[in-house]
Amino acid sequence: MPITRNAKKALRVADRKRAVNDRTKKVMKEGVKAVQTLAVSKDWKKATESLSAAYAAIDKAAKKGVIKKNTASRKKARLSRMAKEK
């Protein structure tokens with residue numbers, strides 16, 4: 001447990017930031033999962049429609065620093081390949 005006043009404040013700030021980052025990551029994972037499930041069920045039209053929402057969630061996570069830029073790029077590339085009609 002923190003002892004000094006600065007350490008206590010740092011703990012509170014870290015808890016708030018963790019909560020925001022967890023929410024951002026959860027929204028991103030839900031968007032990715034939606035595209036994946038639609039692609040597996042071969043519903044290409046809905047998969048491409050939900051792709052833009054997943055892209056937005058991934059971009060926001062990268063912008064906020066929750067994930068790295070190259071990780072975001074890789075996730076988007078894999079999703080677009082998955083959502084293409086085969």
* Could you tell me how many degrees, from 0 to 90 and to the nearest 10, lie between the Cα long axis of helix 44-64 and the main elongation axis, the longest principal axis, of the Cα atoms of the chain? => 20 degrees
* Evaluate the relative contact order of the chain (contact order divided by residue number), counting alpha-carbon pairs under 8 angstrom at least 6 apart; express in whole percent. => 30 percent
* Given the options ALA54, ALA62, ALA14, which has the most mean-square fluctuation in a GNM of the chain, springs set between C-alpha atoms less than 10 angstrom apart? -> ALA14
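Rg over Rh of the chain, using C-alpha atoms and the Kirkwood radius, what does it come to? Show your work: numbers first, answer last.
Values: Rg = 17.1 Å, Rh = 14.3 Å.
Dividing the radius of gyration by the Kirkwood radius yields 1.20.
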* To do: Identify, among ALA54, MET82, THR4, the residue whose Cα sits farthest towards the positive end of the charge dipole of the chain, taking +1 on the Cβ of Lys and Arg and -1 on the Cβ of Asp and Glu, with the dipole about the Cα centre.
  => THR4
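We did not get these values from a lab; they are worked out from the coordinates using the rules stated. These numbers come from a predicted model, not from an experiment. No Cβ is skipped: glycine too gets one built from the backbone with ideal geometry, and neighbour counts run over all protein chains shown.
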